[in-house]
Each structure stands twice: as structure tokens, then as C-alpha cells.
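Taken together, the values in this text are just the output of simple stated rules run on the coordinates, not laboratory data. Note that this is a predicted model, so its numbers are computed, not measured. Positions of Cβ are backbone-derived with ideal geometry, glycine not excepted, and every protein chain shown enters the neighbour counts.
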Amino acid sequence: MEKEKQILEIEENTEKEVVSKNFIEQEIEKDLSEGIYSHVHTRFPPEPNGYLHIGHAKSILLNYGLAQEYGGRFNMRFDDTNPTKEKAEFVESILEDVKWLGADFEDRLFFASDYFQQMYECAVFLIKKGKAFVCDLSAEEIREYRGDFKTLGKESPYRSRSVEENLKLFEEMKNGVYPDGAKVLRAKIDMASPNINMRDPVLYRVAHMNHHNTGDKWCIYPMYDFAHPIEDAIEHITHSICTLEFEDHRPLYDWVVRECEFDKPPRQIEFSKLYLTNVVTGKRYIKKLVEDGIVDGWDDPRLVSIAALRRRGYTPESIRMFVELAGVSKANSSADYAMLEYCIREDLKLKRARMMAVLDPIKLVIDNYPEGQTEMLEVPNNLENPELGNRMVPFGRELYIEREDFMEEPPRKYFRLFPGNEVRLMSAYFVTCTGCEKDEQGNVTVVHVTYDPATKSGSGFCERKVKGTIHWVAAETAKRVTCRLYENIVDEEKGKLNEDGSLNLNPNSLRVLDHCYVEPALAETDVYDSFQFVRNGFFCVDCKDSEPGAPVFNRIVSLKSSFKIQK
């Protein structure tokens, strides 16, 4: 009986394990169990034509994670087959992003352009097999001949050229005899195929362009659908994991590796992209935002490029959590930006010190505190994580508090400072408001209080309680800094796009507060250091505009969250 019980438990655990696997893992395990592949080898193959965004993070972490899970290998490869849009700047930024996310490709850094000679030889091989031909139709004529979903395509008049003629013309294309657009090399498949991608697709085009990696060595360049499967096959990739838009291209992917006769060709598996609601990821939109000076670069913290998220203060751990919560599926869906914010809060809340910073300052004077006296108070770094220890913070007669923490005529249930009310100064003393000073316009400039020395935090002698606690910084030792508060760069209520296709921008996407006061320790920070500012959110030291002793703080996220994790 006991043995049967153990067997049942094992079966239940096995079922749970199978159910917990996503569909890609299930397919990989099937391939391994059937001996189709003896190992797992994945890759991340971006085109270096822009900065990576949050959607690319899913692909990076998925491909790397699968290699790690099955004890396999992971390659980093640039699909640099289109020199018209590619730059070395993008190569460097992508490498930095991939390394920051923790995807270790070790010494396996490759470029598609490294394989141009092998791709050319594959094209010659297809010509010799009668599977490719040189076509003189223009790009517009090729589109017209291809037909559409309702109309079958018709064959090019150049489709019947002999192998010898095709070899000669293709060699001349390579040698620069023809101008751009004069000739292309096309696969000879099936112009009546219901899959338009299989209607004699273009494999090579003439392009007299300088390439960032190969210079002027080549004036013909392979098309992505031809180059990509060859790159995977050369690198012995087992599973080519890509997004759903390539599902209709899979028959062509399989045709290329099969007709080029690669041994144990890779298998393509598609998954849904990671979409975020109301964010800007399109390269042309970001490029215009940069050119118009609306953002200060591809890494502006209001964007969701990986560089922008890193600059704003997001961590690799928070991105990984977000990708895991989003999951892997075949169904297209959108994730709420609030889920990304939830992930960074969860990652930082126990790791970072809770510091005092006043973003909208008003002076507070403790009238009965000794003039000229400064005392050091012990303050816990994080009440939820005692392991972070304590720090010493200066306290004096004059402080800065948040303007919203004082009201002359407060509404009901307002528990902060107002005439006659007592509150606790965080980690310090109880103080009672006695009045305020105003300028000529009636704006409050100074709040006056008295303190009770017997109520010092941690002394254990105070028996009465107060409902309100406010944070502060000592005026004499406070450091003035700049803080930036961010909102979504697009107007969420009106939608992302206007009727004319332009972005519907939020005019309040950035607020710069240059009169903030912080604890003195916060002035001596390094770029990317992050903290929780009490009641104001999590902030990170900006990596571009900060200077030694004069940090600029970007708000990563506020403390409130509308996102609820599904359990």
C-alpha cells in the first residue's frame, strides 16, 4: 500500500512538472527523447539597426534560459545582412544590453557577415541544382508577378535560364557589373503556393553599399530569409526560437536548410511577442522623438529600450521577473506597464535603503531646540530587512519637510502638521505645530513647531501615540539635488496615436525638480545607485547627467501600485 502511494505521488509530481513546462520546453524535450538532437544550442540574432527594447529582453532571456535549462550553449549573433540601416553604434549598445541582462554567450560572438562567403557558395549550389535563377524583373514587377492571397503568381520570364547562364550572371552580380536593382537571385520553388513566401522569393540583391564589418568586399547581399537559416545551420543551432511573424516563413526556412543539404538542420519554433500597453517601441517613432529633441536619446528614461530602462533604474532581476510573469505562449497578448512596475518594486523593496529626501521643500523650525546644536540620530536603513543595518543622520533646529505635510486648514482625516497638531518626525521626536510664516502672496514659507525631548525615537519612554509621521532632512547639512519625475510619454487616456498616425504625446511626461534636499549621504553616490526615498518612490542616480557630488535622481517608480499578481 505504501509503495502504491509513493507511485501515485511520483505520477502526480510528474504530471505537475509536465504541465508547468511551456510549449517550447515540451517540444525540446520531445526532440531530445526521440534522438533528433543530442543537445540544445540556441542563439539571439538581432539586426544591429537600433536599440533593443523590452520585447527583445524576452527573446534574449528565453533563448539563454533554454540553453541553461538543458545544459546547452547560447550564441550571440548579429544578423547584419542589410548595410543600409546598420551601425557599429547599435552593435555596441546591443552587446551592452545582452551582458547587462546576464545572458552569457562566453566566446560565441558571431556576425552573419562572417558567413557571406559560405552563403554565396550555398547560392551557387542552389543554382547548380536548378533551384535558383537570376531574374531581371524590377522590384515592382516581382510584386506584381507574385500575386496575392486571391490570385496565383505567375512565373518570371527569366525562370527558365540555364544553369550556366545563371552561374555567369550571378558571378557578374558579385563582381559589380550591374547597378542596384538591375538583377536579383531568386529561389525556384512554386509560384502557385498558397504561402506567398514560397513564390520564388528573392535570395540576393545588388547593393553597392559599404558594410560596417566587411567594408566594400561585397556588392551583393543575401536576404534575411535566406541568410538566417544558413547562419543557424553553420553554427549548429538546434532550435531557432523566434516570434510569431516568422511562422509563415518557416516553410522557406526549412526549404533553405534542406536544399542546401545541411546535416541535422535546426528547427524553427515560434512564440508570441511581448507587447506592453501604451509604450513606444517602433524605431521610426523613437528616431523622430530623438531628432525632434523630445527625448534626449534612445536611452531616455521615458522609453522602454533596455538602455532606457537601465538608465531609469530597472534591474536585470526585475526584467527577468517581468518576462517570467508574462509567460511563453502562441497567443498574442499585451502586458500592462503596471506589471513591469510591480516587478521593480518587488525586486528593490528589500534590497535598498529607505532614505529621506524632500522634493517640494518648506522650512520647519523647532523653536525650543537648542540653537547651533546638531545631533546624530540612528536610523534603520530598511525596517522590512534589518540585515541592511542602520545609519547615522544629522538632526538640528531647522529642517526641511514636504510642503504637502503642512496645512493651515486641513480637511478631515488629515493627520500631518497643522496648528495645534502633534506628529512624529521620523526616527526623531514628537513635534507640535505652533504656527507658520507667509510671504506677501500668502504662501507659507516657514512652519514653527516645538519638540518634546522625552519622545526621542528608540528611547522607550514615550507612552502617548500620534497618528502622523513625516520625514525630514536637516537644513544645515542637507544637499540640494535635482530629481526627475516621469509619466508615460504617450497620453494613456487619449491613446497612443493621433488620427494622422503621429504619437499622441503626454506634455507632463517629465517634471524636473531642481530644488530638492536630501540626506548628505545621498550626495556621495555612484551612477546607477538606487534607493527608496521615503514616501516618494524608488530613485536611481542618472548615468548621463550626474556629476561627482551633484547627482541627478531619476524616479524609477512610485510606491503605489495598481497591479495585482494573480495567484
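Taking only alpha carbon atoms, the chain gives an Rg to Rh ratio of 1.11, where Rh is the Kirkwood radius. Please label the shape of the range 36-83 as rounded, prolate or oblate, based on the square roots a ≥ b ≥ c of the eigenvalues of the alpha-carbon gyration tensor (a/c under 1.5 means rounded; beyond that, a/b larger than b/c means prolate, else oblate). Oblate, because a/c is 1.5 or more while a/b does not exceed b/c. Put in line by how crowded their Cβ is, counting other Cβ atoms within 10 Å and starting with the fewest, TRP472, TRP100, TRP255 read TRP100, TRP255, TRP472. Working from the Cα coordinates of the range 185-284, the gyration tensor eigenvalues give, after taking √(5λ), semi-axes of 23, 21, 16 Å in decreasing order. Dividing the mean sequence gap of close Cα pairs (under 8 Å, 6+ apart) by how many residues the chain holds gives a relative contact order of 10 percent. Remark: the range 327-389 is approximated by an ellipsoid whose semi-axes, taken from the C-alpha gyration tensor as √(5λ), come to 43, 17, 6 Å, largest first. For the range 24-271, what does the alpha-carbon gyration tensor say about shape, rounded, prolate or oblate, given a ≥ b ≥ c as the root eigenvalues, a/c under 1.5 as rounded, and a/b over b/c as prolate? Prolate is the answer for the range 24-271, as a/c is 1.5 or above and a/b outweighs b/c. Among MET356, MET407, the order by Cβ neighbours within 10 angstrom, fewest to most, reads MET407, MET356. Between ASP254 and ASN508, the distance separating the two model label sites (each 7 Å from Cα on the Cα→Cβ line) works out to 5.4 nm. For the chain, the longest principal axis of the C-alpha atoms and the axis of helix 116-128 are separated by about 30°. For LYS174, the aspartates and glutamates whose Cα comes closer than 13 Å to its Cα, not counting residues fewer than 8 places off in the same chain, are GLU121, ASP216.
In the range 24-271, Cα pairs under 8 Å separated by at least six residues give a relative contact order of 18 percent.
Listed by chain and number, the lysines placed with their C-alpha closer than 18 angstrom to that of LYS465 are LYS413, LYS456; residues fewer than eight positions away on the same chain are left out.
Roughly speaking, what is the centre-to-centre gap between the range 380-438 and the range 237-291 when only Cα atoms are used, to the nearest Å? Answer, in whole Å: 55. Measuring between alpha carbons in the structure, the pairs from LYS85/LYS496; LYS273/LYS496; LYS131/LYS273; LYS58/LYS129; LYS283/LYS330 lying more than 30 angstrom apart are LYS131/LYS273; LYS58/LYS129.
Here the range 351-425 is treated as an ellipsoid with the same Cα gyration tensor; its semi-axes, largest first and in whole Å, are 25, 18, 11.
The convex hull of the Cα atoms of the range 354-557, projected and averaged over all directions, covers 15.1 nm².
Output the Kirkwood hydrodynamic radius of the range 226-334, Cα pairs only, in Å rounded to one decimal. By the Kirkwood definition, the hydrodynamic radius is 16.6 Å.
Taking each DSSP H run with n ≥ 4 as -39500 (n - 2.57) and averaging over every residue of the chain yields -8500 deg cm²/dmol at 222 nm. Judged by the ratio a/c of the largest to the smallest principal axis of the C-alpha gyration tensor, the range 496-549 counts as prolate, that ratio being 1.5 or greater while a/b is larger than b/c.
Kirkwood analysis of the Cα pair distances in the range 185-235 returns a hydrodynamic radius of 12.5 Å. Working note: Karplus 6.51/-1.76/1.60 with θ = phi - 60° gives the range 418-429 the couplings 7, x, x, 8, 10, 9, 9, 7, 3, 6, 10, 10 Hz, where Gly and Pro are set to x.
Phi-derived couplings, Karplus 6.51 cos²θ - 1.76 cosθ + 1.60 at θ = phi - 60°, listed residue by residue for the range 466-478: 10, 8, x, 10, 10, 9, 6, 9, 6, 4, 5, 10, 4 Hz, with x used for Gly and Pro.
For HIS53, the residues whose amide H sits under 5 Å from its own are ILE306, ignoring neighbours fewer than 5 places away on the same chain, with H placed 1.01 Å from N. Give the long-range amide H neighbours of GLY468: residues separated by 5 or more places, or on another chain, with amide H under 5 Å away, using H modelled in the peptide plane at 1.01 Å from N. When sequence neighbours closer than 5 places are left aside, the close amide H contacts are ARG424. Each of HIS471, HIS212, HIS39 has some number of other Cβ atoms within 10 Å of its Cβ, and from fewest to most they run HIS39, HIS212, HIS471. The 3J(HN,Hα) values that the Karplus relation (6.51, -1.76, 1.60; θ = phi - 60°) gives for the range 534-549 are, in residue order, 3, 6, 10, x, 9, 10, 10, 6, 5, 7, 9, 9, 7, 10, x, x Hz. Gly and Pro appear as x.
Ignoring aspartates and glutamates fewer than eight residues from LYS363 along the same chain, the ones with Cα atoms less than 14 angstrom from its Cα are GLU398, GLU402, GLU404, ASP405, GLU437, ASP439, GLU476. For the range 70-210, the fraction of C-alpha pairs more than 24 angstrom apart is 46%.
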